[in-house]
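Participant: Following this message is one structure expressed as structure tokens.
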Amino acid sequence: MTSSILVRWLGRVPYREAIALQESLVDAVRRGEASDHLLLLEHPEVITLGRGADPLHVLLSAEEGARRGIEIHETGRGGDVTYHGPGQLVGYPIVSLRGERRDARRYLREIEEALILAVADHGIRADRIPGLTGIWSGEQKLAAIGVRISTGWITSHGFALNVSTDLSGFRFIVPCGIRDRGVTSMERILGRGVAILDAAARVATRLAERLSLRAVPSPAAEERLFSMAVEACP
Amino acid sequence: MRVDVIMPQMGESIAEGTITRWMKKVGDTVQRDEPLFEISTDKVDAEIPSPSAGTLLEIRNREGETVPVSQVVGVIETDASAAASGPATPESPKPAAAPKAPAAAPARPTQEPERAPAAPASSAAPTPPGRSSEQGAPFLSPVVRRIAEEQGVDPTRVPGTGAGGRVTKKDILDFIAREGAAAPPAAAGIASTPSTPTFAAGERVKRVPMSPMRKKIAEHMVESRRTSAHVHSVFEVDMSRVSKLREKYRGAYEERHGVKLTFLPFFIKSACEALRAWPVLNSSVEGEESVYRRELNIGIAVALDWGLIVPVVKHADELSVAGLARKVNDLADRARTKKLNPDEVAGGTFTITNPGVFGGLFGLPIIHQPQVAILGVGGIQRRPVVIDDAIAIRPMVYLSMSYDHRVVDGAIADQFLAQVKRSLESFDESLL
């Protein structure tokens, strides 16, 4: 029997809260008290610096940040600087990697593959660029990836897929330290709106497939909305 | 005893890692499996647990240094008295960050598979380019080691093309393809395995006892198949009206009733009406008698990460849509937090389940005994449909029902479903 990954849609969650939730889940998964989880959410505008981050890649002035209410956080994931904001689907898989899957690079590739398949489900062709993590539409970055692996091969952090993100927020950073390539969103590529819950449902399905896990929607009542594949109506 | 701390193999194609943080200083005591240092490879940051309990005697590579896999980066003295006599190297790194390791890392001395894979402690230096089989066991990734063991191949015979001459998975697979395996291949082969169990080297099967809940589910399902003559009908329903009503009342529900208005209460409400019209679907079979139930107690299948449970909405027909929404939310919440009372999962007379969550069109569920029918609600999807000779896009859902042919014939089941469909497609706004 395949083990399950509990998929939760959390709505808009402040960065700090999402970190705390991930930390407690990582502990619970390690102790075997929780199944694998996939947290899907949006963040209010925030800039985060991975362990490998160059502070010079944050272009936001302190005054502008304060004026716009954008926080800056240092965080324990891999990777450089990134920007999160409404319309961006953020996914944090808290997964206990086992057996052959205990391979950091393989795990990154699985996330990339899941995202490529999920956006393909929406009719978007995206690719990898060798040597760069994330997924790309042409020369433009569609999703960023940064992962942490804790004791016992428990994953946290994850990916940020621009669904309908206001891309102007990215002007405050040099995304992942890459200056010569832009960012894009599913909405911009398709020229029409994409509901973040639709994108979330596809990503959940695809990621579970790639990780050979059985996706189980959260039974929490407020999330059933998502679990019934909603927002189908105009 | 001195134990080497080595740069672990974080993946087959990963040859080195950069130390980003030491959580311990030289002289600090450390528990086995307590986070000792952090490394960075690619876009992955990893926390590396200590290989054993003791005192950190030596740090050979500081923060910021990039080190090949399996190189010794530090040394731990497991014997307390020896450690007290002083560190081997007085050099200690700048304590850049205060150790933020969790105060009491769970000590779990016996659970080998949970630890990050450690390379053999004997290989003190990275394997030099070229072959190195003469100097003891070459470094092998766990995958390669497993394949070698399963296939009975001596890994030192395999030419390595990986970083530092290491044998990669591809190398060993190519080698086996070329030379053949010494032993017959394992039955399951070496294709990527589903993730659940961790197999020890050489282990071909793993027996895991079922949880009590799993056993219950298994018993119930098989018993139901044995008891009832399952038949299935599938209907398609246009959810436009329900979607619009839900959209219209959603805000008000949240404000007035403090509850999110989901689709489920609509399905329950419509099913209740139809159950009143076709009471045999709300019955059960005892011996050679049909037992009809006056109460409509609707079970709602709730998936949990540890199984499945069916809490029951008692007297569902007496509740308003808001009442149903609140009740369902409450039951699902308490199911998840294991706070249901035993009587809240008993006494159901009909069940609704939700097989369409991940894009499935419909499912054919197994009847929850001693009931005689179970309704499956598929995923709601926008699909092209023909309306008055025109093609329109409508939110559609498949309703599937499994029923017991001992007492319910297809004609009855289909009329029941037709009524549920009618009731959803022309949902009575006054019920909201």
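Throughout, read-outs are computed from the coordinates displayed, never taken from laboratory work. All of these numbers come straight from a predicted model, not from anything done at the bench. Backbone-built Cβ (ideal geometry, glycine too); neighbour counts: all protein chains shown.
Participant: Return the single residue from A:Glu112, A:Glu64, A:Glu100 with maximal mean-square fluctuation; model: Gaussian network over chain A, springs between Cα atoms under 10 Å.
Facilitator: In this elastic network of chain A, the residue with the biggest mean-square fluctuation among A:Glu112, A:Glu64, A:Glu100 is A:Glu100.
Participant: How many Cβ atoms of partner chains, on average, are near each residue of A:101-114 if near means within 10 Å of its Cβ?
Facilitator: Partner-chain Cβ atoms within 10 Å, mean over residues of A:101-114: 5.
Participant: Average partner chain C-beta neighbours within 10 Å, per residue of A:143-154?
Facilitator: 6
Participant: What relative contact order, as a whole-number percentage, does chain A give when Cα pairs under 8 Å and 6 or more residues apart are counted?
Facilitator: 25
Participant: Sequence-distant or interchain residues sharing an amide H contact under 5 Å with A:Arg98, placed H: which?
Facilitator: none
Participant: Something else about it: What Kirkwood hydrodynamic radius, in Å, does region B:351-432 give when the mean of 1/r is taken over all pairs of distinct Cα atoms and then inverted?
Facilitator: Evaluated over region B:351-432, this radius sits at 14.3 Å.
Participant: While we're on this one: Could you compute the FRET efficiency for B:Glu65 and B:His232, with r as their C-beta to C-beta distance and R0 at 60 Å, rounded to 0.05?
Facilitator: Taking R0 as 60 Å, the efficiency between B:Glu65 and B:His232 is 0.40.
Participant: Additional query: Rounded to two decimals, what is Rg over Rh for region B:214-431 when you use alpha-carbon atoms and the Kirkwood radius?
Facilitator: 0.96
Participant: How big is the shadow of the Cα convex hull of chain A, averaged over all directions, in nm²?
Facilitator: Averaged projected area of chain A's Cα convex hull equals 12.7 nm².
Participant: Another question, then. Rounded to the nearest 0.05, what FRET efficiency is calculated for A:Asp166 and A:Glu63 with R0 set to 25 Å and r the Cβ-Cβ distance?
Facilitator: Working from the Cβ atoms, E equals 0.75.
Participant: Between rounded, prolate and oblate, where does region B:14-63 land on the alpha carbon gyration tensor, with a ≥ b ≥ c its root eigenvalues, rounded for a/c under 1.5, else prolate if a/b exceeds b/c?
Facilitator: prolate
Participant: Here's a follow-up. Please report A:His157, A:His57, B:His230 as a ranked list, fewest other C-beta atoms within 10 angstrom at the top and most at the bottom.
Facilitator: So the ranking, lowest neighbour count to highest, is B:His230, A:His57, A:His157.
Participant: May I pose another question? Rounded to the nearest Å, what's the spacing between the alpha carbon centres of region A:31-49 and region A:90-134? Just the number, please.
Facilitator: So the two Cα centres are separated by 16 Å.
Participant: Please build a GNM for chain A, connecting alpha carbons under 10 Å apart, and tell me which residue among A:Pro86, A:Pro130, A:Pro217 fluctuates the most.
Facilitator: Result for chain A, Cα springs under 10 Å: A:Pro130 fluctuates most.
Participant: Restricting things to alpha carbons, tell me how big region A:57-97 is in terms of Rg and Dmax, in Å.
Facilitator: Values for region A:57-97 (Cα only, Rg and Dmax): 13.3, 42 Å.
Participant: So, one more: If the viscosity is 1.002 mPa s and the temperature 20 °C, what Stokes-Einstein diffusion coefficient in µm²/s follows for region B:265-390 when Rh is the Kirkwood radius over Cα pairs?
Facilitator: For these conditions, the coefficient is 137 µm²/s.
Participant: If you don't mind, another one. Kindly give the semi-axes, whole Å and largest first, of the ellipsoid equivalent to region B:192-329, taking each as the square root of 5 times a Cα gyration tensor eigenvalue.
Facilitator: 36, 25, 15
Participant: Which whole number gives the average, over all residues in B:44-57, of C-beta atoms from other chains lying within 10 Å of the residue C-beta?
Facilitator: The mean count of partner-chain Cβ atoms within 10 Å per residue comes to 4.
Participant: Please report the antiparallel percentage of DSSP beta bridges with both residues in region B:214-431, rounded to the nearest 5.
Facilitator: Around 85 percent of the beta bridges assigned by DSSP in region B:214-431 are antiparallel ones.
Participant: Jot down the radius of gyration and Dmax of region B:39-81, Cα atoms only, both in angstrom.
Facilitator: For region B:39-81, the Cα radius of gyration and maximum Cα-Cα distance read 12.1, 41 Å.
Participant: Let me ask something else. Can you tell which of A:His43, A:Ser212, A:Tyr92 lies farthest toward the positive end of the dipole of chain A, using +1 and -1 charges on the Cβ of basic and acidic side chains (Lys, Arg; Asp, Glu)?
Facilitator: A:Ser212
Participant: If r is the Cβ-Cβ distance from B:Gln415 to B:Val205 and R0 is 56 Å, what FRET efficiency results, to the nearest 0.05?
Facilitator: With R0 = 56 Å, the Cβ-Cβ based efficiency is 0.65.
Participant: Viscosity 0.692 mPa s, temperature 37 °C: what is the translational diffusion coefficient of region B:208-248 from Stokes-Einstein with a Kirkwood Rh over Cα pairs, rounded to a whole number of µm²/s?
Facilitator: Translational diffusion coefficient: 233 µm²/s.
Participant: What residues qualify as long-range amide H neighbours of B:Val73, i.e. H under 5 Å apart, gap of 5 or more or another chain, H built at 1.01 Å from N?
Facilitator: Here the answer is B:Val5, B:Ile6, B:Met7, since their amide H atoms fall under 5 Å of that of B:Val73.
Participant: Another one. At 10 °C and 1.306 mPa s, what whole-number value in µm²/s does Stokes-Einstein give for the translational diffusion of region A:49-174, with Rh from the Kirkwood sum over Cα pairs?
Facilitator: 102
Participant: A follow-up question, please. Tell me the Kirkwood radius of region A:1-82: reciprocal of the mean inverse pair distance over distinct alpha-carbon atoms, in Å.
Facilitator: For region A:1-82, the Kirkwood estimate is 14.6 Å.
Participant: Right, something else. Counting only the backbone N, which residues of region B:243-273 are under 11 Å from the spot 7 Å out from the Cα of B:Asp428 toward its beta-carbon?
Facilitator: Within reach of a label on B:Asp428: B:270, B:273.
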